[in-house]
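Novice: One structure, pasted below without further comment.
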Amino acid sequence: TGEAENYYVTNCNFEWIGGAYQGGDDHVRFGNAIQNWGSCDGFFVLDCYFRDVYDAAVTTQGSGGYMVNFYSDGCVLDRCDLSFEFFNHGDTSFSEERELSNIILTNNYVINNGVGFCNVRTDRRSAFLYTTYGTNETNYRNIVYENNVNVFSAEFAIFSAEIALGQTEGTILRNNVYYMDPTVSYFGKFAYNMIDRSGQTKTLYPYSSQYLTYLNSLGVEVGSKFYVTTNPDLKGNR
C-alpha cells in the first residue's frame, strides 16, 4: 500500500515472500510481506501469521511525509529477516517536517529471525525490531515495542537509531521477553551511541547481564525479562 488511511489487515497468513532473482549476483529483490510506502494514518495488522519472509514481515517506510498510528497486535512472525521495520528517511534538501510516530507493537510472538529462507541474504541484518539507521530530519515519537515474546535472532534483538530512554522521542522498549543465544547474537546495534548520546560511532550491545543491566539503568527495556537459549529447535533447524 501507499498513503494508507485506516487500513486493516486481520487474520491473514503470509508465507514465502520476496527473494526474486533480478539478474546479477547482487540483484535480488528483498520483498516485504506487508508494506506501506510513504505517509499513513491508521494502519492495523492484527492476528496475522508470517513465515519465511526474505526481508521484513511488517513495515511502513519511505523518504518523507507523515507515518502515524501504525499498530500490530497478536501476530506470529517466524523465520523473517526483520519482523518489524520502520523508517522515514528525511532529506535535508526538503524543508517540510517528517514524522514517524505512534507506532504501537504489542502482544506479538516473534521467532527465528535471520534463519531459513532469508539466511542467504548477503546483507542480512536480522532483528525483531528495526527502526531507521542514520542521520536525518525525521521526528521519531512514541514507537512502542511492548509485551512481545522474542525467541532467537541470528544477529540482533533490536537494530535502531532512536532509543528513547523511557521518554517519548524515539523507540520505547519495555515489558518484553527475550530468549537469545549470546554466543552468536547481540542484544542491539544502535547508531552513533544513541543510548547515552556520547561518541560518534555505531555501538554494539552484547546480550549479557552486564550490558542489559546497564541499558535497564538508562531506561531501556524496563520490566523486560531475558533468558539464554542454545536449543537448536528454536533456530529454525526443522
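Novice: May I ask you to say which residue of Glu99, Glu85 is touching a strand residue (DSSP E or B) at 6+ places or on another chain (Cβ under 8 Å), of a type in the set (Asp, Glu) and at pLDDT below 90?
Specialist: Glu99
Novice: Can you go through Thr138, Thr106, Thr132 and tell me which one is open to solvent by 10 Å² or more (accessible area, probe 1.4 Å), modelled with pLDDT under 80 and hydroxyl-bearing (Ser, Thr, Tyr)? Let's see the steps before the verdict.
Specialist: Details: Thr106 fails: modelled with pLDDT under 80; Thr132 fails: open to solvent by 10 Å² or more (accessible area, probe 1.4 Å).
None of the other options fit; the residue is Thr138.
Novice: Here are some conditions: (1) within 14 Å of the chain's Cα centre (by Cα); (2) at pLDDT below 90; (3) surrounded by fewer than 19 Cβ atoms within 10 Å (Cβ to Cβ). Val144 meets all but one. Which one does it not meet?
Specialist: Failing condition for Val144: (2).
Novice: Restricting to region 216-238, and then to whatever is in contact with a helix residue (DSSP H, G or I) (Cβ under 7 Å, 6 or more places away or on another chain) and at pLDDT 85 or above, can you tell me which residue is least open to solvent (accessible area, probe 1.4 Å)? First the steps, then the outcome.
Specialist: Within region 216-238, the first condition is being in contact with a helix residue (DSSP H, G or I) (Cβ under 7 Å, 6 or more places away or on another chain), and the residues that meet it are 221-222, 226, 236.
Cutting the leftovers down to at pLDDT 85 or above gives us 221-222, 226.
Details: Glu221: 4, Val222: 76, Phe226: 65 Å².
Of everything passing the filter in region 216-238, Glu221 is least open to solvent (accessible area, probe 1.4 Å).
Novice: Then there's this: Considering every residue within region 200-215, establish whether at least one is of a type outside the set (Lys, Arg), in a loop (DSSP other than H, G, I, E, B) and at pLDDT below 90.
Specialist: Within region 200-215, the first condition is being of a type outside the set (Lys, Arg), and the residues that meet it are 200-201, 203-215.
Still in the list and also in a loop (DSSP other than H, G, I, E, B): 200-201, 207-208.
Okay, now just the ones that are also at pLDDT below 90, so 200-201.
So far as region 200-215 goes, yes, one or more of its residues are of a type outside the set (Lys, Arg), in a loop (DSSP other than H, G, I, E, B) and at pLDDT below 90.
Residue-by-condition table, conditions (1) over 24 Å from Thr230 (Cα atoms); (2) of a type in the set (S, T, N, Q):
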residue	(1), (2)
Trp37	yes, no
Phe50	no, no
Phe87	yes, no
Asn113	no, yes
Cys118	no, no
Phe128	no, no
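Novice: Is one or more of the residues making up region 24-32 closer than 24 Å to Gly188 by Cβ and at pLDDT 95 or above?
Specialist: So the first thing to find is which residues in region 24-32 are closer than 24 Å to Gly188 by Cβ, and the list is 30, 32.
Pick out the ones that are also at pLDDT 95 or above and you get none.
No, because not a single residue in region 24-32 is closer than 24 Å to Gly188 by Cβ and at pLDDT 95 or above.
Novice: Does Tyr179 satisfy the criteria of being assigned to a helix (DSSP H, G or I), open to solvent by 50 Å² or more (accessible area, probe 1.4 Å) and either modelled with pLDDT of 80 or more or out of contact with any strand residue (DSSP E or B) (no Cβ under 7 Å at 6 or more places or on another chain) (or both)? Break it down stepwise before answering.
Specialist: Numbers: assigned to a helix (DSSP H, G or I): no; open to solvent by 50 Å² or more (accessible area, probe 1.4 Å): yes; either modelled with pLDDT of 80 or more or out of contact with any strand residue (DSSP E or B) (no Cβ under 7 Å at 6 or more places or on another chain) (or both): yes.
So Tyr179 does not fit the description; no.
The values are calculated or read from the model by the stated rules, or taken from the named source; none is laboratory data. Predicted model only: the values in this text are computed from it and were never measured. So basically every Cβ, Gly included, is an ideal-geometry build from the backbone, and we count neighbours across all protein chains shown. The accessibility values were calculated without ligands, DNA or RNA, using every heavy atom of the protein model including side chains. Shrake-Rupley method; radii C 1.70, N 1.55, O 1.52, S 1.80 Å.
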